[in-house]
Amino acid sequence: MPEMPRRRPKPVPAIHPVPEYAADAELGRRYQDMKAVLQVHQRACTLADELPNPGQRRGDRLRAAVQRGAGLDEVLAVCRLFQWLLPGLVTNVAFFRQQLIEDR
């Protein structure tokens, strides 16, 4: 994949971080939502670490496979993307399933 140059917006927007204790009600709700998302993600990662590994997949084997095929940067980019997408997908499926069960 070709490297894409980073572009800087003109003008560069100002960033004004607000600590949680100083947030208004709307921003406070966003902070709470983000905390919930991060907690679900952390729990999903913890559960994934506890799953059996029948193929004995390890990092050194993955790196060796990468050297034979796609570049390490590309594989890392996909792993990072899926690290965030998969827990959200699992959560959504579980939520929708629960709704279907409750609607019976």
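Would you check if Thr46 is at pLDDT below 80 and among the hydroxyl-bearing types (Ser, Thr, Tyr)? It is false that Thr46 is at pLDDT below 80 and among the hydroxyl-bearing types (Ser, Thr, Tyr).
Table: residues versus (1) out of contact with any strand residue (DSSP E or B) (no Cβ under 6 Å at 6 or more places or on another chain); (2) closer than 26 Å to Val78 by Cβ; (3) not acidic (Asp, Glu).
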residue	(1), (2), (3)
Glu3	yes, yes, no
Val12	yes, no, yes
Ala44	yes, yes, yes
Arg58	yes, yes, yes
Arg61	yes, yes, yes
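The residue pairs whose first member lies in the range 83-96 and is at negative phi, whose second member is of a type in the set (Gly, Ala, Ser) and surrounded by 10 or more Cβ atoms within 10 Å (Cβ to Cβ), and whose beta carbons are closer than 6 Å, counting only pairs six or more residues apart or on different chains, are Pro87/Ala44. Across the range 64-89, the number of residues qualifying as within 28 Å of Leu38 (Cβ to Cβ) and not acidic (Asp, Glu) comes to 16.
The set of residues from the range 48-82 being surrounded by 10 or more Cβ atoms within 10 Å (Cβ to Cβ), among the basic types (Lys, Arg) and part of a helix (DSSP H, G or I) comprises Arg61, Arg63, Arg80. Pairs meeting the criteria (first residue in the range 16-37 and farther than 26 Å from Leu85 by Cα, second residue part of a helix (DSSP H, G or I) and aliphatic (A, V, I, L, M), beta carbons under 8 Å, at least 6 apart or on different chains) are Val18/Leu27.
Residues in the range 1-35 that are assigned to a helix (DSSP H, G or I) and either aromatic (Phe, Trp, Tyr) or surrounded by 10 or more Cβ atoms within 10 Å (Cβ to Cβ) (or both): Glu20, Tyr21, Leu27, Gly28, Arg29, Arg30, Tyr31, Gln32, Asp33, Met34, Lys35.
Of (1) out of contact with any helix residue (DSSP H, G or I) (no Cβ under 8 Å at 6 or more places or on another chain); (2) surrounded by 11 or more Cβ atoms within 10 Å (Cβ to Cβ), Cys45 satisfies all except one. Which? If we test Cys45 against (1) out of contact with any helix residue (DSSP H, G or I) (no Cβ under 8 Å at 6 or more places or on another chain); (2) surrounded by 11 or more Cβ atoms within 10 Å (Cβ to Cβ), just (1) comes out false.
The values are calculated or read from the model by the stated rules, or taken from the named source; none is laboratory data. Given the structure is predicted, the values throughout are model-derived calculations rather than measurements. Quick reminder, even Gly has a Cβ in these numbers, built from the backbone with ideal geometry, and neighbours come from all protein chains shown.
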